[in-house]
Amino acid sequence: MSWRAESTYQKQSAFAEDEKEFLKLAKKLRDILKLEEKVKAGESLAQNQLEKVNSKETLLKEVTALAGKLPGDSDVLEKTQDITALLPATAVQGIERRRKQELERRQSREKKQEEERRAPVFMCRHDRPILGVCVSADGRYLFTCSKDGYLICWSLEEKLLKALYTFAGHTGAVFTLDVTSAPPLLISGSADGQVNFWEGDPARLKPLTVTSPKKTLEHGGRVRVLKWCPFDEGSTGRRFASASEKLGSTPAMIAVWNASPAGEAEKLLEIKDLPGKANDLQWGGGGKLKLFSAHDNGYVGVWLAEAPGSLMKTIKLHNAAISSLTLSSDATTLVTASHDKTSKAVDVSQPATETLATFELNRPLNAVAVSKDFQPQKTGTVVLAGGKDARDVTRAKDMQEDEFEAKVIDSASGKILAAGTGHFGPVHGLLSLPRIGTAGAFATVSEDGCLKVHGLDGSLLHSDTLS
């Protein structure tokens, strides 16, 4: 007998035919039961009716055989319990046992298929929008996170970026990531409510492999922002700040944690009295350690980054959501990006928090970065990028030809000096890369799933695609 003949596989259409035939026979048996009721009532039956009654046993055998062929998830027997009751008890027990076994086998196959589908695979590039980017301490590698649930480490050695390592462990979109050098630890936050801790030193990983988390923190909420504290360099324990949005009964929250080199995290404080989720965070120094938070109401919150985490000040800067924050290299100026199409540079070294400069483009802004020598209205450049939300792109009537370009703006004059081109979807993240190129560079990540690195003159230095 051939393997085809031995196979127990049946097409779904065959199952449907068995069910139809079972229901036809069930109707015939019900007709016979009605005729038997007439006989009990003393009525005489015609010859053809007597033949039907005499065929009852044969029909019952056929029904019993068909019942054994029904798929495990069929509800025909439950819908025809009056007919099932006519079948021999041992036959019914055997049918139920076979159906249960078949259902268990099917569920086991489906579970195995789902596990295989979810099994982590090495990613040559992201296949969904990229949401975040950070750089290793030595400037040789970029790390990205994506809606595809993965993180990727890229080598900057060649113009065509090469994916070296895949980090797999989240079950939802990964919104944020950050890496620190001492100890080398990479963190990521996701829609699954988890913060994962990964090996942050690429030299300790085997190229072209999939890496699992060292530790996982059940954070709660949708984890949107993670930032290592820059003032803890060299210490054995490192603090990081997190921001999450409401999910189920878990409210929006800002928290500060202490993490060991192994990824063991202890919560130091949490802030829940917020005007809504924080879209971005930045650490601030000075007399007291601070956290700056960006919100949808156009405000920046200034928080004490140590217990009890009290609100020190609010700064109204924009008429729409603030999507991104960055600090100048001397940490005296906070620069924003907002959906109201403007960016503002604010002096955070003084209690008055004066706005020193305003930069404007003709599209909603999602991200901001500044050059190492940036000083408002004096030296350096600010890079701004964004574009209309991906949901609005197809129906928007006021799309700009350069909607998704990252603009390099002169701090002193406010004029556009150059642009980073090549994306065909809104830019979600910008990262300043002062060590790259002759005068510094910046990385962009986008809804189009691409990662690009441009010089401050607009030249394309690196890309994850050939075009």
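A 1.4 Å probe run over region 400-458, with the rest of the protein chains in place, finds 38 Å² accessible per residue. Comparing region 203-282 with the 2.2 N^0.38 Å rule of thumb, its C-alpha radius of gyration ratio is 1.24 (two decimals).
Taking the Cα centre of region 328-467 as reference, the dipole from Cβ charges on Lys and Arg (+1) and Asp and Glu (-1) amounts to some 40 debye. With just the Cα atoms defining each centre, how far is region 127-144 from region 38-53? Give it in Å. Region 127-144 and region 38-53 have Cα centres separated by 84 Å. Per residue, the average separation of C-alpha pairs within less than 8 Å and at least 6 apart gives the chain a relative contact order of 8 percent.
Near residue 145, once Lys and Arg are set to +1 and Asp and Glu to -1 for all other residues with Cβ below 12 Å from its Cβ, the sum equals +1.
Applying the Kirkwood pairwise sum to the alpha-carbon positions of the chain produces a hydrodynamic radius of 26.2 angstrom. Of the residues 130, 108, 68, the one whose Cα sits farthest towards the positive end of the charge dipole of region 42-150 is 130 (charges of +1 on Lys and Arg Cβ, -1 on Asp and Glu Cβ, taken about the Cα centre).
Taking only protein heavy atoms into account and a 1.4 Å probe, give the accessible area per residue of region 150-296 in Å².
Ligands and nucleic acids excluded, the result is 39 Å² per residue.
In percent, rounded to a whole number, the relative contact order of region 346-467 is 19, using alpha-carbon pairs under 8 Å and six or more apart.
As a fraction of the 1.4 Å probe accessible area of the chain, surface on carbon and sulfur atoms comes out at 50 percent. Residue 85 to residue 206: FRET efficiency via 1/(1 + (r/R0)^6), r the Cβ-Cβ distance, R0 56 Å, to the nearest 0.05? The formula returns an efficiency of 0.30 here. Helices that extend 27 Å or more along their long axis by alpha-carbon positions and average at least -1.0 on the Kyte-Doolittle scale are, among the DSSP H runs of the chain, 12-40. How much of the DSSP bridge set in the chain is antiparallel, in percent, rounded to the nearest 5? So the antiparallel bridges in the chain amount to around 95 percent. Label point of residue 246 set 7 angstrom out along Cα-Cβ; within region 269-304, amide nitrogens under 14 Å from it belong to 272-278, 296.
If you take the square roots of the eigenvalues of the alpha-carbon gyration tensor of region 301-441 and sort them as a ≥ b ≥ c, do you get rounded (a/c under 1.5), prolate (a/b over b/c) or oblate?
Oblate, since a/c reaches 1.5 and b/c is not below a/b.
Order the peptides 150-162, 61-73 from the highest to the lowest mean number of other Cβ atoms within 10 Å of their residues.
Taking the mean over residues of other Cβ atoms within 10 Å, the ranking is 150-162, 61-73.
Per the Kirkwood definition applied to all pairs of different Cα atoms, how many angstroms is the hydrodynamic radius of region 249-376? Evaluated over region 249-376, this radius sits at 15.2 Å.
Given R0 = 35 Å, the distance between the Cβ atoms of residue 114 and residue 30 translates into a calculated FRET efficiency of 0.25. For region 111-239, the gyration tensor built on C-alpha atoms gives an oblate shape. Its axis ratio a/c (a ≥ b ≥ c) is at least 1.5, and a/b is not larger than b/c. Mean residue ellipticity, 222 nm, helices only, the chain: the sum of -39500 (n - 2.57) across DSSP H runs of n ≥ 4, divided by residue count and rounded to 500, is -6000 deg cm²/dmol. For region 214-222, the Karplus equation 6.51 cos²θ - 1.76 cosθ + 1.60, evaluated at θ = phi - 60°, returns couplings of 6, 8, 10, 9, 7, 7, x, x, 8 Hz by residue, with Gly and Pro reported as x.
Could you state the number of Å between the C-alpha centres of region 161-188 and region 426-441? Taking the Cα centre of each part, region 426-441 and region 161-188 sit 19 Å apart. Quick check on region 172-307: take the gyration tensor over C-alpha atoms, sort the square-rooted eigenvalues as a ≥ b ≥ c, and tell me if it's rounded (a/c under 1.5), prolate or oblate. Because a/c hits 1.5 or more and a/b fails to exceed b/c, region 172-307 counts as oblate. A simple count of charges around residue 272, restricted to other residues whose Cβ falls under 14 Å of its Cβ and scoring Lys, Arg +1 and Asp, Glu -1, yields 0.
The values are calculated or read from the model by the stated rules, or taken from the named source; none is laboratory data. In this text the structure is predicted, and so the values were computed from the model without any measurement. Every residue, glycine among them, receives a Cβ derived from its backbone with ideal geometry; neighbour counts consider all protein chains shown. Note: accessible area is taken over every heavy atom of the protein model, side chains too, but ligands, DNA and RNA are not part of it. Shrake-Rupley method; radii C 1.70, N 1.55, O 1.52, S 1.80 Å.
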